[in-house]
1. Quick check on the stretch B:244-275: of everything there that is small (Gly, Ala, Ser) and under 30 Å from residue B:231 (Cα atoms), which residue is modelled with the lowest pLDDT?
2. From the list A:294, A:278, exactly one residue is more than 16 Å from the chain's Cα centre (by Cα) and within 12 Å of another protein chain (Cβ to nearest Cβ). Which is it?
3. Kindly list the number of the only condition in (1) part of a helix (DSSP H, G or I); (2) under 28 Å from residue B:173 (Cβ atoms) that fails for residue B:254.
4. Within the stretch B:256-282, count every residue that is closer than 25 Å to residue B:182 by Cα, crowded, with 24+ Cβ neighbours inside 10 Å, more than 9 Å from every other protein chain (Cβ to nearest Cβ) and not small (Gly, Ala, Ser).
5. Tell me which of these residue A:263 doesn't satisfy, since it passes every other one: (1) within 12 Å of chain B (Cβ to nearest Cβ); (2) among the aliphatic types (A, V, I, L, M); (3) surrounded by 21 or more Cβ atoms within 10 Å (Cβ to Cβ).
6. Among helices (runs of 4 or more DSSP H) lying entirely in the stretch B:122-225, which contain 2 or more residues that are within 11 Å of another protein chain (Cβ to nearest Cβ) and β-branched (Val, Ile, Thr)?
7. Would you be able to say whether some residue in the stretch A:212-225 is part of a helix (DSSP H, G or I), surrounded by fewer than 19 Cβ atoms within 10 Å (Cβ to Cβ), of a type in the set (Val, Ile, Thr) and more than 14 Å from chain B (Cβ to nearest Cβ)?
8. Can you tell me which of (1) touching a residue at least 24 places away in the same chain (Cβ under 8 Å); (2) β-branched (Val, Ile, Thr); (3) within 12 Å of chain B (Cβ to nearest Cβ) is the one residue A:258 doesn't meet?
Amino acid sequence: MSVQTLDHDAYAALPPEMFVIGTDDSHAEDIPRPSTTYWHDVWQRFRRDKLAIAGLVVIVVMTLLCIVMPMVSPYTYDGSDYLNMNAGPSLQHPCGTDQLGRDQFIRIMYGARISLTIGFVAAAINFAIGVVYGGLSGYLGGRVDMVMMRIVDILSSLPSLLYIVLIMLIFGSNMGSVILALCFTSWIGTARVVRSEVMYLKHSEYVLASRLAGAGTWHLLVQHLIPNAMGPIIVSTAFLIPNAIFSEAFLSFLGIGIQAPRASWGSLANAAIPVMQMYPHLMIFPVIAICLTMFSFNFIGDGLRDALDPRLKK
Amino acid sequence: MLKYIIKRLLAGALTMVVLITVAFFMMHAMPGGPFSPSEEKNVPKEVLERIAASYGLDQPVWKQYLTYWKNLLHGDLGISYKTVGTVREKIAGHFPYSARVGGLAVVFSLLVGIPMGLIAALYRGKVADFATLALATIGISVPVFVLSLLLSYVFSSKLNWLPTYGLEGWASYILPVVCLSFNPIAYIARQTRSSMLEALEQDYIRTARAKGVSELMVVAKHALKNALTPIITYLGPLVAGLLTGSFVVESRFAIPGLGYYFVRSISDRDYTMIMGIVIFFGFFVVICNLVSDILLAIVDPRVKLANE
């Protein structure tokens, strides 16, 4: 006796309008939708987060403004308008002027240049150090990993105010030393994230296969481990930017960051304290600038976290 | 457990040695000094040199470093160069102010942050949840110096409800404590909310509910206990950071605490004060981290196993 199988020939004699459902396999290999890449998928998820998009728009607009405005504006950060000192907001000076008649709007724009530069540069440096340090520590493992992690533990228990203030005093108050002070230990968070991701990924089969094919340490790290750990790394870097901007504003607020006549948001807010009662506009606009930027970057960070790692979304 | 504690204590001691060494040499690398002629213009140069020599400041830095260690191991932190009294007395005099404000801020942030996160998690997607998330985002985004300016402007200058400065009476504690705990509240609420949501999805919660345990007990005993472990890890740095004083809040509200005197001693180049406060800070951080790690090992046995 024969096992009944679906034999196309057995139905050949049927009239053409009768056919057996489920026997047509001519389209089995077709892909109905174009395949999406990981980053395309991430963008699709990120795009749906309204707050993150709003944050992105604010940052892009602010970046463009702070690049373009000082070029086209008739005012400079240290030029005085002696006829309008301590003036409130007007058409001529949208954010008013300070006690020396300097245009507050353009000073805030120069402050934005400083804050955004420090934010992006500090994040980039922290990213680079964190990825290399964490990647090596996680990949090499064993005793090297232990020593590298102890060093990180010790560095992270130093009081941050101490070394930041000392670095500022030793290297002088300028943008370079602010960045140096901020990069001294803030890469540690990124390094820890990279290390744990690399330790998790290094036992995967594709890494083993690559190693069997003769790939060296560097190739494995750069080609396989780091790209696959990119999601968490980007998230931790995204939160470094608002931290750096906040720290710069804080240092300038203390009077050891960016020095007069140059303007930073922190030093603008600090300069406005004594005259806060009489000329609140000198305080309000820099504070709005700081808060708006911090909100935007935090929203972008939250959006990126949800988009890059949907498991974390709560 | 004992082995774990000893291991952590040794690591803490090593941290202190590195901290003292780094701080000492960085401090001496700062331009100027406690008795530099460029700053003390009213005192003749010869007199300044004699004063500096009497403190041993004419010696090479490595020699001063060894002397400092010798004194330190005898429990001697030296005398302040720029103020009256020994460093030990100064720290003992100013620390209580910082500790009182900071301690209240720790208690306040836990009492507000945990219930906020809990309510947000239990009423997920409702108004309370959005309100918590909004407040948490504000707490993380608004810098403490901005907050202290705004609050003192509104409540002290405009409304005249609360005192602007000093620490007299309970009302003067409100603004500094609120400023200090704003950011921790945001962090604790967010963390409690997300770990609570995670805990509520676990199998043992379903088991507990299936057994007929009341919802209150499910939340209080099973979910919350496990959701609080990340808070314990955060508690160590938080206590250390708040109790040792914040420069911004202390200078804004004129509180004579350690945070304020630390920055002042740096600008005064008061070497012995700087080192004394650094050692005190470092010691505090190490101890707080150790205590929170031990607490964590007690609450979560998996941590203990991983460390042994």
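1. Here the residue is B:245.
2. On the way: A:294 fails: more than 16 Å from the chain's Cα centre (by Cα).
Checking each option against the conditions leaves just A:278.
3. Residue B:254 satisfies every listed condition except (1).
4. Number of matching residues: 2.
5. (1)
6. In the stretch B:122-225, the matching helices (runs of 4 or more DSSP H) lie at B:127-141, B:144-151.
7. Looking through the stretch A:212-225, at least one residue is part of a helix (DSSP H, G or I), surrounded by fewer than 19 Cβ atoms within 10 Å (Cβ to Cβ), of a type in the set (Val, Ile, Thr) and more than 14 Å from chain B (Cβ to nearest Cβ).
8. So the condition that residue A:258 fails would be (3).
The values are calculated or read from the model by the stated rules, or taken from the named source; none is laboratory data. Owing to the predicted nature of the structure, the values given are computational and were not obtained by experimental measurement. As a convention, Cβ positions derive from the backbone with ideal geometry for all residues, glycine included, and neighbour counts pool all protein chains shown.
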